[in-house]
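Here is the structure we will look at.
The values are calculated or read from the model by the stated rules, or taken from the named source; none is laboratory data. This structure is a prediction, so every number in the text was calculated from the model and none was measured. Glycine also receives a Cβ, built like all others from the backbone with ideal geometry; neighbour counts cover every protein chain displayed.
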Amino acid sequence: MQGIWKYHQWLPKMKEENRFTLGEGNTPLIPSRSIGRMLGLEQLYFKLEMLNPSGSYKDRFAACVVSDLQQRGVPFCIATSSGNTGAALAAYCAAAGIKCYMVVTDGAPAGKLQQMQVYGAETLMVRGFGLDSGVSARVMEGLSAICGKAGTAVQISAYQFSPAAMEGVQTIAYEIAEQLPAADAQVFSPAGGGGLTLAVGKGFSNYAAAFPDFKMPRLHCVQPVGNNTIAGALRKGASVAQAVSRSTTTISGLQVPHIIDGDAVLQICRASGGTGYEVPDETVLDCQEKLAKMEGVFCEPAGAVALAGVVQALEKKEIRAGDPVVCLVTGHGFKEPVSAAAIAGRSYAASFDQVADVFGYIQSRIND
């Protein structure tokens with residue numbers, strides 16, 4: 001069986017004919033060619049989740065959701081998203097012939113909205129949703145009531161709302177365990193509501209239970225400073241995550257002011273020996289550009305958050321040069337044309353009136 005269903009023993013029970021896939025999963029874990037050397041790390045790796053079918057790790061979630069909807073015979077999907085969940089569900093619903101209604105967060109990137117719409121999803125935006133905790137709570141209450149009447153649930157990529165479907169995201173950990181079975185690995189995960197980080201931690205726990213020789217990596221939670229609900233609490237030793245009144249980070253996908261899976265993330269990261277890192281948006285955007293120009297890895301800003309955490313960990317002297325370090329690169333750069341345009345604008349571009357002038361310019365640059 002293709003896709004995440006390779007790991008069906010750890011996934012929700014589905015009849016084989018209902019195991020839906022578009023070929024998600026089995027994403028590469030590649031060694032750094034330049035950034036690791038620049039940072040003084042001997043074993044820096046990037047898990048390229050943006051190579052999933054719709055361009056993010058959320059396809060693993062969508063595969064489980066659509067499989068469940070098919071098994072239940074439900075002809076529609078109601079979900080909320082800041083972008084990637086919506087794009088993933090829209091793609092998988094389109095392929096399965098399921099109608100998709102997507103309530104998107106205020107300010108969701110145009111590229112992600114367009115992607116949902118290309119797949120045929122109906123997109124509905126609510127002012128303040130995803131940014132203001134009060135508005136977000138009211139939206140969720142109303143959507144849950146609608147879904148409850150239909151005998152289904154709002155699809156949200158978080159354990160608090162969709163624990164079974166999030167088991168699909170746990171397959172990231174199974175792949176890393178097979179791709180990098182080294183001891184003392186350190187895995188850096190970006191977090192908004194914390195679902196991805198919790199999924200990776202749960203996945204490692206499942207794998208360790210099945211293979212006693214496997215050594216649990218240390219799992220670190222990285223958040224933008226403007227949405228510090230988990231990372232700060234993790235570092236300070238707090239027992240619960242802390243909601244913020246309004247998310248102020250510009251990093252799309254990580255603007256989640258409420259706790260969601262935060263408390264469970266604290267527990268699983270601590271149990272692994274990991275901690276939290278708060279990174280400025282500016283550092284994230286710098287890492288996004290470095291990934292593109294030094295590694296050929298074009299990711300959206302949220303996909304560079306893990307690397308920003310690694311940079312901070314090195315500044316704090318909390319990882320060693322020889323440690324195997326894994327950054328989760330969560331989504332493709334094509335999803336956010338604004339950030340892509342900013343990077344492209346810092347690259348040299350020119351036009352020439354004469355063909356020969358092009359040759360002269362190239363030769364002068366080579367000679368330099």
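Does segment 61-75 include one or more residues that are under 22 Å from Ala306 (Cβ atoms) and either buried (at least 20 other Cβ atoms within 10 Å of the Cβ) or not polar (S, T, N, Q) (or both)? Yes: one or more hits.
Which residue is farthest from Thr105 (Cα to Cα), if the candidates are limited to segment 228-243 and must be without any contact (Cβ under 8 Å) to a residue 24 or more places away in the chain and part of a loop (DSSP other than H, G, I, E, B)? The residue in question is Gly237.
If the requirement is being out of contact with any Gly (no Cβ under 6 Å at 6 or more places or on another chain), in the same structural domain as Leu328 (by TED's automatic domain parsing), outside any strand (DSSP E or B) and surrounded by 20 or more Cβ atoms within 10 Å (Cβ to Cβ), which of these qualifies: Ala199, Ala209?
Working: Ala209 fails: surrounded by 20 or more Cβ atoms within 10 Å (Cβ to Cβ).
It is Ala199.
Taking the conditions exactly as written (crowded, with 23+ Cβ neighbours inside 10 Å, assigned to a helix (DSSP H, G or I) and of a type outside the set (S, T, N, Q)), does Phe204 satisfy them or not? Taking the combined requirement at face value, the residue satisfies it.
Looking at segment 247-258, is at least one residue surrounded by fewer than 17 Cβ atoms within 10 Å (Cβ to Cβ) and closer than 27 Å to Arg127 by Cβ?
Our first condition is that a residue be surrounded by fewer than 17 Cβ atoms within 10 Å (Cβ to Cβ); within segment 247-258, this holds for 248.
Imposing the further condition that a residue be closer than 27 Å to Arg127 by Cβ reduces the set to 248.
Yes, there is a match, as at least one residue in segment 247-258 is surrounded by fewer than 17 Cβ atoms within 10 Å (Cβ to Cβ) and closer than 27 Å to Arg127 by Cβ.
Being in contact with a strand residue (DSSP E or B) (Cβ under 6 Å, 6 or more places away or on another chain) and among the hydrophobic types (A, V, I, L, M, F, W, C): is that true of Phe61 here? Against the criterion (in contact with a strand residue (DSSP E or B) (Cβ under 6 Å, 6 or more places away or on another chain) and among the hydrophobic types (A, V, I, L, M, F, W, C)), Phe61 does not qualify.
Considering only segment 296-323, how many residues are touching a Phe, Trp or Tyr at 6+ places or on another chain (Cβ under 7 Å) and assigned to a helix (DSSP H, G or I)?
So the answer is 5.
Condition check ((1) surrounded by 23 or more Cβ atoms within 10 Å (Cβ to Cβ); (2) closer than 25 Å to Glu141 by Cβ; (3) at pLDDT below 95; (4) not charged (D, E, K, R)) across all residues:
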| position | (1), (2), (3), (4) |
| --- | --- |
| Ser54 | yes, no, no, yes |
| Lys58 | yes, yes, no, no |
| Ala91 | yes, no, no, yes |
| Ala94 | no, no, no, yes |
| Cys100 | yes, yes, no, yes |
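Scan segment 342-368 for residues that are of a type in the set (Lys, Arg) and either surrounded by 11 or more Cβ atoms within 10 Å (Cβ to Cβ) or not in a loop (DSSP other than H, G, I, E, B) (or both) and jot them down. Hit for segment 342-368 is Arg365, nothing else. Of the residues Val284, Val338, which single one is in the same structural domain as Gln170 (by TED's automatic domain parsing), closer than 25 Å to Pro28 by Cα and either in a helix (DSSP H, G or I) or under 16 Å from the mean Cα position of the chain (by Cα) (or both)? Every option except Val284 fails the conditions.
In the set (1) assigned to a loop (DSSP other than H, G, I, E, B); (2) more than 19 Å from the chain's Cα centre (by Cα), the condition left unmet by Thr249 is number (2).
Any residue at all in segment 75-95 that's more than 18 Å from the chain's Cα centre (by Cα), assigned by TED's automatic domain parsing to the domain that holds Thr152 and of a type in the set (Ser, Thr, Tyr)? No. Close contacts from segment 250-274, counting a first residue that is outside the structural domain of Thr85 (by TED's automatic domain parsing) and a second that is basic (Lys, Arg) and modelled with pLDDT under 90, with Cβ to Cβ under 9 Å and a gap of 6+ residues or different chains, come to Ser252/Lys112; Gly253/Lys112; Pro257/Arg246.
Listed here are the residues, each with its yes/no results for (1) in a strand (DSSP E or B); (2) on the phi < 0 side of the Ramachandran plot; (3) surrounded by 20 or more Cβ atoms within 10 Å (Cβ to Cβ).
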| residue | (1), (2), (3) |
| --- | --- |
| Ala177 | no, yes, yes |
| Ala183 | no, yes, no |
| Gly192 | no, yes, yes |
| Gln223 | yes, yes, yes |
